[in-house]
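Read the structure below first, then the notes.
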Amino acid sequence: MDEIFKQQIYEITRLIPKGRVSSYGAIAKAVGYPNHSRHVGKAMGGCPEDVPAHRVISSSGVLSVPEFQKRLEAEGITVENLRIKDFKKLFWNPLEEL
């Protein structure tokens, strides 16, 4: 995975508003690599501190990283059984909102 791809992912992720979530797939599409959601997930694994990785979750609304629940709840997002409540309402699609 090249550095430019990672930087593009981080730039888009930094734009996700507080209290909203996006998906690995939506981020991948936004940087021009549809079907590369796993690569987005890998990039999130070692991302800089200022990248809100906790706001990027699976397209089914389930947290991939259970430790992110506290951070999301601190932003007013309700999480039940590792699933985002009102996921569709809170979903931020970079292709539509940028």
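The values are calculated or read from the model by the stated rules, or taken from the named source; none is laboratory data. For clarity, every value in this text was computed on a predicted model and none was experimentally measured. Every residue, glycine as well, gets a Cβ built from its backbone with ideal geometry; the counts of neighbours run over all protein chains shown. Heads up: the accessible areas ignore ligands, DNA and RNA and are worked out on the full protein's heavy atoms, side chains in. Shrake-Rupley method; radii C 1.70, N 1.55, O 1.52, S 1.80 Å.
Remarks
- Cα extents of the range 1-66 along the three principal axes, largest first (Å): 28, 25, 19
- The range 1-42: trypsin sites (Lys or Arg not before Pro) falling in loop per DSSP and having at most 12 other Cβ within 10 Å: 18
- Counting only protein heavy atoms and a 1.4 Å probe, the chain has 60 square angstrom of accessible area per residue.
- Cut-off 16 Å, label 7 Å out along Cα→Cβ of residue 97, residues of the range 16-45 by amide N: 16-31
- Averaging Cα coordinates gives a centre for the range 1-39 and one for the range 60-82; these two points are 18 Å apart.
- For the residue pairs 29/70; 42/85; 6/42; 18/85; 6/29, the C-alpha atoms sit more than 19 angstrom apart in 29/70; 42/85.
- Exposure rule at most 13 other beta-carbon atoms within 10 Å, DSSP loop GluC sites (Glu not before Pro): the chain longest free segment: 1-48
- Scanning residues 5 or more positions from residue 23 or on other chains, those with amide H under 5 Å from its amide H are 57, with H placed 1.01 Å from N in the peptide plane.
- Lys, Arg +1 and Asp, Glu -1 on Cβ, resulting dipole of the range 3-89 about Cα centre, debye, nearest 20: 280 debye
- Think of it as helices only: each DSSP H run of n ≥ 4 in the chain is worth -39500 (n - 2.57), and spread over all residues that comes to -11000 deg cm²/dmol at 222 nm.
- C-alpha long axis of helix 3-14 to longest principal axis of the chain, angle in °: 30 degrees
- ³J(HN,Hα) computed for each position of the range 60-77 - Karplus, 6.51 cos²θ - 1.76 cosθ + 1.60, integer Hz, glycine/proline x: 8, x, 9, 6, 7, 10, x, 5, 6, 4, 4, 5, 5, 5, 5, 9, x, 8
- Across the range 44-52, coupling constants 3J(HN,Hα) worked out from phi with the 6.51/-1.76/1.60 Karplus curve, θ = phi - 60°, read 5, x, x, 6, x, 4, 7, 9, x Hz, and Gly and Pro carry x.
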